[in-house]
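S.K.: Take a look at the following structure, please.
The values are calculated or read from the model by the stated rules, or taken from the named source; none is laboratory data. Keep in mind it's a predicted model, so treat the numbers as computed, not measured. Heads up, the Cβs are rebuilt from the backbone with ideal geometry, glycines too, and the neighbour counts pull from every protein chain shown. Calculation scope for accessible area: heavy atoms of the full protein, side chains included, ligands and nucleic acids excluded. Shrake-Rupley method; radii C 1.70, N 1.55, O 1.52, S 1.80 Å.
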Amino acid sequence: MRRATTADAAAITSCLRTAPHNAMFPLGFLQRDGFMGAEGRRLTFWVNKGGNEITDVMALSNAGIALPFLPNATYLGAVRALENEAISGIIGPRDQVRALRSLLGLDDSPVTLDQEEPHFALSLGRLRTPEGPGVLRPLSGADRATMLDWMTDYQIRTLLTPPDKARDMAEAGYERALAADNRRVLMAGKTPLAMTAFNAQLPDIVQIGGVYTPPEQRSNGYARRAVALHLEEARSRGVIQATLSAANPAAERAYESIGFKRVGHWAFVLFADENANG
């Protein structure tokens with residue numbers, strides 16, 4: 001693989017768009033910040049070509065997160081691209097993540113997160129919105145302190161963030177969500193019931209993340225209603241597809257109930273040593 005230049009930007013996007021549900025993180029970066037990136041947010045790309053077309057893309061964030069899109073299993077080329085880079089994590093389709101981790105010699109590196117989740121996709125024409133209480137509001141329409149408590153708990157329970165770091169990360173995430181207007185809260189009057197977000201967005205497809213219901217309000221269908229209403233909102237502005245991964249069997253059942261179908265598996269690996277490969 002060779003390092004990409006600005007001349008490759010359109011071809012990289014075209015390659016990633018061949019299976020967008022497997023490439024939402026790099027596609028979201030490109031959509032939001034462009035090939036050159038924004039302050040503190042840039043991806044470096046390496047590409048493999050077959051004939052005149054780019055067939056595989058290896059992306060690396062400036063935080064060291066590797067984002068593979070390697071449908072042709074060009075793992076050795078990706079490893080050569082990354083071998084002198086500091087790798088803090090690998091996120092993507094399970095088989096690609098596992099192959100890269102092994103070939104980079106990181107199988108025994110300590111981790112803060114090593115998780116596999118079933119991966120789902122949905123054509124929004126098949127979306128089923130369940131009946132139930134509550135209407136969807138922007139994040140700013142809910143009590144800030146409560147939302148920070150929820151986001152802190154999400155960091156600890158779902159992302160396995162150390163408790164001493166979780167609040168700071170929740171506060172930073174809250175401010176980013178306000179600026180991006182990508183998070184919604186299901187509200188019954190002034191009472192928040194569940195929360196959902198789009199962690200990557202394109203004009204025609206969104207990726208759902210950050211779905212949370214506080215423990216005392218679970219098993220009431222609030223999360224699935226929140227996700228469905230958020231997708232209705234997206235559909236009204238032209239979005240036609242959605243994708244997500246499910247953190248547990250209850251989440252799987254919830255997403256399947258509103259129309260999602262399993263399309264594969266996703267893997268998230270975050271290393272305890274941010275210079276694991278540097």
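S.K.: For segment 106-154, give me the residue count where each residue is in a loop (DSSP other than H, G, I, E, B), touching a strand residue (DSSP E or B) at 6+ places or on another chain (Cβ under 9 Å) and of a type in the set (D, E, K, R).
M.R.: 1
S.K.: In this structure, is residue 236 over 27 Å from residue 113 (Cα atoms), open to solvent by 70 Å² or more (accessible area, probe 1.4 Å), among the hydroxyl-bearing types (Ser, Thr, Tyr) and without any contact (Cβ under 8 Å) to a residue 60 or more places away in the chain?
M.R.: Yes.
S.K.: For residue 170, work out the one condition from (1) at pLDDT 95 or above; (2) under 28 Å from residue 41 (Cβ atoms); (3) open to solvent by 40 Å² or more (accessible area, probe 1.4 Å) it doesn't fulfil.
M.R.: Every condition holds for residue 170 apart from (3).
S.K.: Which of the residues belonging to segment 239-255 are within 26 Å of residue 203 (Cβ to Cβ) and open to solvent by 40 Å² or more (accessible area, probe 1.4 Å)?
M.R.: 240, 241
S.K.: Ok, one more. Output the number of residues of segment 148-165 satisfying the condition of being open to solvent by less than 30 Å² (accessible area, probe 1.4 Å) and modelled with pLDDT under 95.
M.R.: Of the residues in segment 148-165, 2 are open to solvent by less than 30 Å² (accessible area, probe 1.4 Å) and modelled with pLDDT under 95.
S.K.: Which is among the basic types (Lys, Arg), without any contact (Cβ under 8 Å) to a residue 40 or more places away in the chain and open to solvent by 50 Å² or more (accessible area, probe 1.4 Å), of 144, 98?
M.R.: 144
S.K.: Is there a residue being surrounded by fewer than 20 Cβ atoms within 10 Å (Cβ to Cβ), within 27 Å of residue 141 (Cβ to Cβ) and touching a residue at least 24 places away in the same chain (Cβ under 8 Å) anywhere in segment 266-273?
M.R.: Looking for residues that are surrounded by fewer than 20 Cβ atoms within 10 Å (Cβ to Cβ), within 27 Å of residue 141 (Cβ to Cβ) and touching a residue at least 24 places away in the same chain (Cβ under 8 Å), one finds none in segment 266-273, hence no.
S.K.: Anything in segment 7-50 that is in a loop (DSSP other than H, G, I, E, B), crowded, with 18+ Cβ neighbours inside 10 Å and charged (D, E, K, R)? List them, or say none.
M.R.: none
S.K.: Taking segment 202-229 as the region of interest, how many residues are closer than 20 Å to residue 262 by Cα, open to solvent by less than 20 Å² (accessible area, probe 1.4 Å) and of a type outside the set (A, V, I, L, M)?
M.R.: The qualifying residues number 3.
S.K.: Residues of segment 10-26 being among the hydrophobic types (A, V, I, L, M, F, W, C) and within 21 Å of the chain's Cα centre (by Cα), which ones?
M.R.: Within segment 10-26, 12, 15, 16, 19, 23, 24, 25 meet the criteria.
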